[in-house]
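Take this structure first; my questions come after.
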Amino acid sequence: MGTPSPILDLFLRVSTDHGIGTDPATRAEELLAACDFSTRDRIIVGAISAFLDGGVADTPVEEIARRAGVGKGSVFYTFGSRDRLVEVVLMTLVDVVSARVAEVRAAARGWEALEAVVRSSVELVVHNPRIAHTVFAELTRSDRKWRAALDHARGQLFRPVEEILDEVAAGGAAAGDGGGAGGSTGRGARSAV
């Protein structure tokens, strides 16, 4: 995942407990007003806000720039293209999910880890449905110019679950769980996901 940016740290904080029940586009605008972001991070937050309201494909650069409080030229200067900005925004949102998964994954192994990862992911979706919708809508598209970034994002999201299932397969069932759903262990457990 690399070095977390201030924007990632901030979105992690608001996606857990500070922003529950608040519209994420509104949260993004409040963050811009309350924090001293770099131009790059202002554009990312502005793009998140705009994409959540207007969709990724239909949001013009002018709207992103307006929400970020920068000129349209700053968006292109900073990211080179709208497509590159979309890639960065999607990966920022995927990084939020990945960071939460890594946090809960570090505290558990085997079936307990799988349960913790699923719970954490569901909590993020429940508390941030518009973000989840936007990310997963893009992840399921194959006609986007930013397809390579989407392929990377899919891998980043699914890799922890695959690793846990491999761990369960290698170590057998966790003590006291009867081998998981249907008594299955090993690769059969992975194919059920």
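The values are calculated or read from the model by the stated rules, or taken from the named source; none is laboratory data. Everything numeric in this text was worked out from a predicted model, so none of it was measured. Note: ideal-geometry Cβ built from the backbone for every residue, glycine included; neighbour counts use all protein chains shown. Quick note on the areas: whole protein, heavy atoms, side chains included, nothing else; ligands and nucleic acids left out. Shrake-Rupley method; radii C 1.70, N 1.55, O 1.52, S 1.80 Å.
Could you sort 91-100, 45-54, 116-125, 64-73 so that the peptide with the highest average Cβ count within 10 Å comes first and the rest follow in order?
45-54, 91-100, 64-73, 116-125
Taking R0 as 35 Å, what FRET efficiency do you get between Arg66 and Phe158 from their Cβ-Cβ distance, rounded to the nearest 0.05?
Here the calculated transfer efficiency is 0.50.
Which value in nm describes the separation of the simple spin-label points at Val122 and Tyr77, placed 7 Å from the Cα toward the beta carbon?
Placing both labels 7 Å beyond Cα along the Cβ direction yields 4.8 nm.
Could you state the accessible area per residue of the stretch 78-176 in Å², with a 1.4 Å probe and every protein chain left in place?
50 Å²
Continuing with the same structure: So if R0 is 30 Å, what FRET efficiency would Ala148 and Ala102 give, r being the distance between their Cβ atoms, rounded to the nearest 0.05?
It comes to 0.85.
Given 0.36 nm per residue, what is the gain on full extension from Ser38 to Arg141 after removing their alpha carbon distance, in nm?
Gain on extension, Ser38 to Arg141, equals 34.0 nm.
OK, next. Quickly work out the Asp58-to-Glu30 label distance, labels modelled 7 Å from Cα along the C-beta direction, and quote it in nm with one decimal.
About 2.6 nm, to one decimal.
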